[in-house]
């Protein structure tokens, strides 16, 4: 299935299904060649950003914010074609969402405080000199700014 169709479909799905689809798609595009831990770290950044409200109040808004995650960077005609990688991305996304729904003190955080990540071998973002939380596979995770959850 093409990325453009997945993102279109997510607009008509109820929550939390839409967010799960958007997060799965992002993990597939950003980290399908990474370890489960690397995929969990990418999911954690997206979920932390959602909680901050700075990029949107749901995962789909966060991962489709202009030039923030792969869904807005790769071609809309990109195909989700690796069935095994897709299945793993869905599993990791759902497990990450379950973990993140726990109270903050009970969550298992892979990259505590990370608000950004980059594959420095292919991208040199302006914030690359921020505090490095961890490097997992090809991605380096950064704490560029302190993100606080929006008051409920």
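Does residue 56 fit the bill of being within 17 Å of residue 146 (Cα to Cα), touching a residue at least 24 places away in the same chain (Cβ under 8 Å) and assigned to a loop (DSSP other than H, G, I, E, B)?
Details: within 17 Å of residue 146 (Cα to Cα): yes; touching a residue at least 24 places away in the same chain (Cβ under 8 Å): no; assigned to a loop (DSSP other than H, G, I, E, B): yes.
For residue 56, the condition - within 17 Å of residue 146 (Cα to Cα), touching a residue at least 24 places away in the same chain (Cβ under 8 Å) and assigned to a loop (DSSP other than H, G, I, E, B) - is not met.
Each row is one residue, and each column tells you yes or no for (1) surrounded by 12 or more Cβ atoms within 10 Å (Cβ to Cβ); (2) modelled with pLDDT under 95; (3) within 25 Å of residue 3 (Cβ to Cβ); (4) touching a helix residue (DSSP H, G or I) at 6+ places or on another chain (Cβ under 8 Å).
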site	(1), (2), (3), (4)
65	yes, no, yes, yes
69	yes, no, yes, yes
93	yes, no, yes, yes
97	yes, no, yes, yes
112	yes, no, no, no
123	no, yes, yes, no
134	yes, no, no, yes
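Looking at the stretch 21-39 only, could you name the residues that are surrounded by fewer than 24 Cβ atoms within 10 Å (Cβ to Cβ) and either farther than 12 Å from residue 89 by Cβ or under 9 Å from the mean Cα position of the chain (by Cα) (or both)?
Answer for the stretch 21-39, where residues must be surrounded by fewer than 24 Cβ atoms within 10 Å (Cβ to Cβ) and either farther than 12 Å from residue 89 by Cβ or under 9 Å from the mean Cα position of the chain (by Cα) (or both): 35, 37.
Restricting to the stretch 68-99, what's the tally of residues that are touching a residue at least 40 places away in the same chain (Cβ under 8 Å) and assigned to a loop (DSSP other than H, G, I, E, B)?
Number of matching residues: 8.
The values are calculated or read from the model by the stated rules, or taken from the named source; none is laboratory data. Everything numeric in this text was worked out from a predicted model, so none of it was measured. Every residue, glycine among them, receives a Cβ derived from its backbone with ideal geometry; neighbour counts consider all protein chains shown.
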